[in-house]
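K.L.:
Take this structure first; my questions come after.
The values are calculated or read from the model by the stated rules, or taken from the named source; none is laboratory data. Predicted model only: the values in this text are computed from it and were never measured. Neighbour counts are summed over all protein chains in view; Cβ atoms, including those assigned to glycine, are modelled from backbone coordinates with ideal geometry. Keep in mind that these areas ignore ligands, DNA and RNA; they rest on the heavy atoms of the full protein, side chains included. Shrake-Rupley method; radii C 1.70, N 1.55, O 1.52, S 1.80 Å.
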There are 2 protein chains.
Amino acid sequence: MTDDDAAVVVAPNATLTEGDVGLVRPRDFISKEPFTFDSGAEIPEFTLRYETYGQLNAARSNAIFICHALSGDHHCAGRHSPDDRKPGWWDNIIGPGKPFDTREYFVICANCLGGCRGSTGPASINPRTARRYNLDFPVVTIRDIVRAHARLVKHLGVDSLAAVVGGSMGGMMAMQWAIDFPQDVRSIMVMAATARQSAQAIAFNAVGRSAIMQDPAWNKGDYEPDKGPNVGLAVARMMAHITYLSNKSLDSKFGRTKREPAGDAPGHFDVEFEVESYLQHQGQSFVNRFDANTYMYFTKALDRFDLHGPDEKLEDAFKAITARALIVGFTSDWLFPTEQSQEIAQAMLRAGRRATFAEVTSDLGHDSFLLNSPDLYALLRAFLQAGKV
Amino acid sequence: MTDDDAAVVVAPNATLTEGDVGLVRPRDFISKEPFTFDSGAEIPEFTLRYETYGQLNAARSNAIFICHALSGDHHCAGRHSPDDRKPGWWDNIIGPGKPFDTREYFVICANCLGGCRGSTGPASINPRTARRYNLDFPVVTIRDIVRAHARLVKHLGVDSLAAVVGGSMGGMMAMQWAIDFPQDVRSIMVMAATARQSAQAIAFNAVGRSAIMQDPAWNKGDYEPDKGPNVGLAVARMMAHITYLSNKSLDSKFGRTKREPAGDAPGHFDVEFEVESYLQHQGQSFVNRFDANTYMYFTKALDRFDLHGPDEKLEDAFKAITARALIVGFTSDWLFPTEQSQEIAQAMLRAGRRATFAEVTSDLGHDSFLLNSPDLYALLRAFLQAGKV
């Protein structure tokens, strides 16, 4: 890395404040070639909404691709307008002087195929019928998502990614990138992920999908976006949100603190504890930004993710990889416990690959990869740096 | 204990098979005295449905009171008819030669006040209005439940209980018995319990209640029993059921095993994994035997349970106790982790009480207290035996 100010490169349209990529603008990549899913189904074209930060260097060698998690999107750094209350979801990691230093790296992030934040998904119009896909949208897999992203990366003129990075579902995608496009990926950083969805994780997703499907407004997936199964989606999100945190973080953040009753005669089952109020807020705000069908498709993609082959030899999946791999687990993550990260790293090592496992101590649960974590930042920074030697 | 067959005592109406209490019949205790809840609200009378196994001895000193958990009831041993597919929920522990040996002990179990399995609860008719209570039923607390049970115990002629025993919510009740009726309880056995509901446990209950309340059939608690919010209740139960098990037990029981598709063209979101099918079955069978309003009231009683006073000195709550206490935690219980059991035992010891903590190694999660566990059986048996010295 360099401290030379002359090396500072910012995204076009960005107003730089120190440590911040500034204002950013999403773009759309429209792929007019048909896309064939793992299932064999095909769509005639698709759009991926994406953002970039920093600038591609002349050698086209400094690109980092960021994979978002289930409820994330392409907007991972900076702000869309000066009034935005919050920056992108990984703004703590991406920017000048940050672990993914935009003075040095060209950072790309795209909403996943099947998504609801600008990329083609179940709520998009099917050009063949001029109606919404809804459940006519093909089942999407982690491999499908990565294959679509790979088209975008080629379109941007990048043949070799310095790194593919992601947490949770994004970590699954990073592994899949290294497996399916071994020549295009020089390193991966996989956080809070698993090589295959556990029975417990499937169970939670199944309950979330049940909550959505049992909402009459779901209507077998056939609804207008503003009339979706908001009730079911909110319940699904509230439950899932608990699994992203930890017992300890909930206790220290909320404990048994109560709210003021709303009136003189509160109902038996009105919100009483702060933690209830917090979850209700999480459910409601999710409904305002997310599509229930995308939630259905993405949780199914997670549940079907399994890199262990029929022979149960995970190392076989990793034999194709050439990328260096940093696998990070968080001590308090009980959704994808650190043993599952260790399992990935050990299988990569058995396959003769360059992998390392790091356990980061954190009380913040599965979502630790999203939150302020100097230990994690130091790891990411050093791992990127080591790749330049 | 004795192997003398002459000492075998069985409940009236029971047909004894070895190790089994045989056929049993529930009874109703109707208390015609008004009952005042912790909230100050009053009901004019109430019924408790209960069962007993074994026989009260002449000294009236051999009674064990069993406290059931959230979804349990009074039927904890034997069968109601020879055709019953399953015996009572704790049949592995209660019976001739079992840890709670009915040749020696008189075992009592009653459905809780607020319940839906024969005891007075929200679905009961309010004698003052001749309509169902529904949400006119007063908020019920663990203390209320215990106070109602205490009336039954007196009615049965028992002034001193050899033991009060329970797991989960039943463990909370056992502690409350020893605190509120110290002269009436000689020992308690508390399993998989907590001195206060954690933020995470409140959070899961809050999501379950949200699922019920958002089901239009809930109708603010005003529904006929056969037209209740079955959809919401099933979702709540499916989610809660995951918290009663463990990651490891789900992995070993189901893993990622798939079901045969129901037809040639399964829907995208049809049940695919065995664990999904299992949870759906759990949800459906629960709806057939449980009332959603009782679920609402009991989860609220759990959430409000907190033996730590305003000074956060748990030992103060235990100063009144005279009973010996066995506190059992299970290694894989993540809903009420063993630290919470240790905290109980240590506070009892700080209060100068006779308490002991035992950690039982089990992969079966919170529900371990219900399942086959020879280590647990040995502890319960020895603890009861030690009380006779």
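K.L.:
Give the residues of segment A:116-155 that are surrounded by fewer than 16 Cβ atoms within 10 Å (Cβ to Cβ) and either of a type in the set (A, V, I, L, M, F, W, C) or in contact with a Lys or Arg (Cβ under 7 Å, 6 or more places away or on another chain) (or both), sorted by residue number.
P.N.:
Matches in segment A:116-155: A:Ile125, A:Ala130.
K.L.:
Which residue is nearest to A:Ser246 (Cα to Cα), if the candidates are limited to segment A:364-381 and must be open to solvent by 20 Å² or more (accessible area, probe 1.4 Å) and touching a strand residue (DSSP E or B) at 6+ places or on another chain (Cβ under 9 Å)?
P.N.:
A:Leu364
K.L.:
Pull out all pairs, ordered by first then second residue, where Cβ-Cβ is under 6 Å, the residues are six or more apart or on different chains, the first lies in segment B:342-353 and is without any contact (Cβ under 8 Å) to a residue 40 or more places away in the chain and in a helix (DSSP H, G or I), and the second is of a type outside the set (A, V, I, L, M) and open to solvent by 10 Å² or more (accessible area, probe 1.4 Å).
P.N.:
Once the first residue is without any contact (Cβ under 8 Å) to a residue 40 or more places away in the chain and in a helix (DSSP H, G or I) and sits in segment B:342-353, its partners that are of a type outside the set (A, V, I, L, M) and open to solvent by 10 Å² or more (accessible area, probe 1.4 Å) give B:Gln342/B:Phe357; B:Ala345/B:Phe357; B:Arg350/B:Glu315.
K.L.:
Note down all Cβ pairs under 9 Å where the first residue falls in segment B:126-145 and is at positive phi, the second is in a loop (DSSP other than H, G, I, E, B) and surrounded by fewer than 17 Cβ atoms within 10 Å (Cβ to Cβ), and they're at least six residues apart or on different chains.
P.N.:
B:Asn134/B:Asp222
K.L.:
Report yes if some residue within segment A:163-179 is assigned to a loop (DSSP other than H, G, I, E, B) and of a type in the set (A, V, I, L, M, F, W, C); otherwise report no.
P.N.:
Taking segment A:163-179 and keeping what is assigned to a loop (DSSP other than H, G, I, E, B), we get A:168.
So of that shortlist, the ones also of a type in the set (A, V, I, L, M, F, W, C) come out as none.
The answer is no, given that none of the residues of segment A:163-179 is assigned to a loop (DSSP other than H, G, I, E, B) and of a type in the set (A, V, I, L, M, F, W, C).
K.L.:
Among the residues of segment A:192-214, are any within 14 Å of chain B (Cβ to nearest Cβ), at negative phi and at pLDDT below 95?
P.N.:
The answer is yes, given that some residue of segment A:192-214 is within 14 Å of chain B (Cβ to nearest Cβ), at negative phi and at pLDDT below 95.
K.L.:
In segment A:220-231, which residues are at the interface with chain B (Cβ under 9 Å from one of its Cβ atoms) and exposed (fewer than 15 other Cβ atoms within 10 Å of the Cβ)?
P.N.:
Correct list: A:Lys220 only.
K.L.:
Kindly list, by first and then second residue, each pair from a residue in segment B:296-312 that is facing chain A (nearest Cβ under 9 Å) and more than 27 Å from B:Leu135 (Cβ to Cβ) to a residue that is open to solvent by less than 10 Å² (accessible area, probe 1.4 Å) and assigned to a helix (DSSP H, G or I), limited to pairs with Cβ atoms under 9 Å and residues at least 6 apart or on different chains.
P.N.:
Within 9 Å, the pairs are B:His308/B:Leu314; B:His308/B:Ala347.
K.L.:
Just the residues that are surrounded by fewer than 24 Cβ atoms within 10 Å (Cβ to Cβ), more than 12 Å from chain B (Cβ to nearest Cβ) and in a loop (DSSP other than H, G, I, E, B), please, taken from segment A:319-341.
P.N.:
Matches in segment A:319-341: A:Lys319, A:Ala320, A:Ile321, A:Thr322, A:Thr331.
K.L.:
Could you tell me which of the residues B:Thr102, B:Thr52 is β-branched (Val, Ile, Thr) and open to solvent by 10 Å² or more (accessible area, probe 1.4 Å)?
P.N.:
Details: B:Thr102 fails: open to solvent by 10 Å² or more (accessible area, probe 1.4 Å).
Result: B:Thr52 is the single residue among B:Thr102, B:Thr52 that is β-branched (Val, Ile, Thr) and open to solvent by 10 Å² or more (accessible area, probe 1.4 Å).
K.L.:
If you scan segment B:237-260, which residues turn out to be crowded, with 18+ Cβ neighbours inside 10 Å, assigned to a helix (DSSP H, G or I) and facing another protein chain (nearest Cβ under 8 Å)?
P.N.:
Those that are crowded, with 18+ Cβ neighbours inside 10 Å, assigned to a helix (DSSP H, G or I) and facing another protein chain (nearest Cβ under 8 Å): B:Met238, B:Met239, B:Ile242, B:Asn247, B:Leu250.
K.L.:
Does at least one position in segment A:299-313 carry a residue that is closer than 16 Å to A:Trp177 by Cα, within 19 Å of the chain's Cα centre (by Cα) and assigned to a loop (DSSP other than H, G, I, E, B)?
P.N.:
For segment A:299-313, residues closer than 16 Å to A:Trp177 by Cα, within 19 Å of the chain's Cα centre (by Cα) and assigned to a loop (DSSP other than H, G, I, E, B): present.
K.L.:
When you go through B:Ala234, B:Ala217 one by one, which is the residue that is part of a helix (DSSP H, G or I), open to solvent by less than 10 Å² (accessible area, probe 1.4 Å) and among the aliphatic types (A, V, I, L, M)?
P.N.:
B:Ala234
K.L.:
Looking only at segment B:115-130, decide whether some residue is under 24 Å from B:Leu370 (Cα atoms), of a type in the set (S, T, N, Q) and more than 14 Å from every other protein chain (Cβ to nearest Cβ).
P.N.:
Yes.
K.L.:
When you scan segment A:261-281, do you find a residue that is surrounded by 19 or more Cβ atoms within 10 Å (Cβ to Cβ), polar (S, T, N, Q) and under 24 Å from the mean Cα position of the chain (by Cα), even just one?
P.N.:
No.
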